[in-house]
Amino acid sequence: MTGLDERSLMHDEDLPPRIASTADIDPRAKIGPDSLVWHLAQIREYAQIGGGCIVGRGAYVGPGVIIGRNCKLQNYALVYEPALLEDGVFVGPAVVFTNDSYPRAINIDGSRQTNDDWQAVGVTVRTGASIGARAVCVAPITIGRYALVAAGAVVTRNVADYAMVVGVPAHRVGWVGRAGVPLVATGDGEFVCPSTGERFVEHEGVLSPQ
C-alpha cells in the first residue's frame, strides 16, 4: 500500500496494518493492527510487532525481535535480534541495538563465522522508554521504564527506570517522568514533574512514584 500517512494514530483493532509497497516484510513476521510500515523498511522472519506501531523509512527489525504496542521506530533504526521492546517505546533515527559482545567476522581458523559460531545477546527496552537519535545500545543491557537516552549516547550498562542518561559511555544526569520532562528536585530525595505534577522519591539510586 502506498500513500501512507499518520491518520488515526490511536490504536484501533479494526484497522489492518498499512505497509508501503517498497517495504520488505517476511511472510513469517507478524504485524499488529493499525501499524504503519514505511518505505524501504525491512522486517525479518518471526519478528512480532504490536498494534499501533510506526516503523520508519529504512528501519530494520531482525529475526524474532519482539516489539510491543504503540512503539515508534524512526528512520533507519537498526533493531538486531534478540531485542525486546515493551509497549510505548520510542527509538530515534539511526539508533543501533547491537547483539554481539565479542564481534568477529571469522573464526580462529580463518573460516567465515555463521550464526552457529556466536551467541546473540539482546537489548531489552521497558515500557515508555525513549532512545534519542544515533544512540548506540550495546547488548546485553536493559533500559528501564520511561528512561530517556540522549541523542548520540553510547549505552554500555543497564539504565534505571526514569533515568536520563547522556554521553559516551552513557551516565545518569537526572530523572524524567512519564511525560519525558526532566523532574525538579523538591528536597529530601523528592522530585516533581513540572508537566504533570506527578511526584517521585529517590532512595539508594532508585526512583519510584509516590
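The values are calculated or read from the model by the stated rules, or taken from the named source; none is laboratory data. The shown structure was predicted, so the numbers you read here are calculated from the model rather than taken from an experiment. Note: ideal-geometry Cβ built from the backbone for every residue, glycine included; neighbour counts use all protein chains shown.
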All conditions in (1) surrounded by fewer than 18 Cβ atoms within 10 Å (Cβ to Cβ); (2) closer than 16 Å to Phe97 by Cα are true of Gln210 except (2)
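Taking strands (runs of 3 or more DSSP E) that fall entirely within the stretch 123-198, which contain at least 3 residues that are within 24 Å of Pro82 (Cβ to Cβ)?
123-125, 141-143
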Look at the stretch 80-110 and say how many of its residues are in a strand (DSSP E or B) and without any contact (Cβ under 8 Å) to a residue 40 or more places away in the chain.
1
Subset of the stretch 72-88 [of a type outside the set (Gly, Ala, Ser) and crowded, with 24+ Cβ neighbours inside 10 Å]
Leu73, Val79, Leu85
Here is a check on your reading of the model: is Gly62 within 22 Å of Pro82 (Cβ to Cβ), of a type in the set (Gly, Ala, Ser) and surrounded by fewer than 20 Cβ atoms within 10 Å (Cβ to Cβ)?
no
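Matching residues to (1) among the β-branched types (Val, Ile, Thr); (2) surrounded by 16 or more Cβ atoms within 10 Å (Cβ to Cβ); (3) in contact (Cβ under 8 Å) with a residue 24 or more places away in the chain:
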residue	(1), (2), (3)
Arg112	no, no, no
Val123	yes, yes, yes
Ala139	no, yes, yes
Ala150	no, yes, no
Asn158	no, no, no
Val166	yes, yes, no
Arg178	no, yes, yes
Asp188	no, no, no
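With the requirement that a residue be of a type in the set (Val, Ile, Thr) and surrounded by fewer than 20 Cβ atoms within 10 Å (Cβ to Cβ), what does the stretch 125-135 give you?
Thr127
Quick one: is Glu86 at pLDDT 95 or above, under 20 Å from Thr142 (Cβ atoms) and not aliphatic (A, V, I, L, M)? Spell out the reasoning first.
Numbers: at pLDDT 95 or above: yes; under 20 Å from Thr142 (Cβ atoms): yes; not aliphatic (A, V, I, L, M): yes.
Judged against the criteria, Glu86 is a match.
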Looking at (1) among the hydrophobic types (A, V, I, L, M, F, W, C); (2) surrounded by fewer than 18 Cβ atoms within 10 Å (Cβ to Cβ); (3) within 13 Å of the chain's Cα centre (by Cα), which is the only condition Ile108 fails?
(3)
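Table: residues versus (1) of a type outside the set (Val, Ile, Thr); (2) part of a loop (DSSP other than H, G, I, E, B); (3) under 20 Å from the mean Cα position of the chain (by Cα); (4) modelled with pLDDT under 95.
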position: Thr2; (1), (2), (3), (4): no, yes, no, yes
position: Ser8; (1), (2), (3), (4): yes, yes, no, yes
position: Asp12; (1), (2), (3), (4): yes, yes, no, yes
position: Leu15; (1), (2), (3), (4): yes, yes, no, yes
position: Asp34; (1), (2), (3), (4): yes, yes, yes, no
position: Tyr46; (1), (2), (3), (4): yes, yes, yes, no
position: Gly51; (1), (2), (3), (4): yes, yes, yes, no
For the structure I just gave you, tell me whether Ala120 is out of contact with any Phe, Trp or Tyr (no Cβ under 9 Å at 6 or more places or on another chain) and among the hydrophobic types (A, V, I, L, M, F, W, C).
no
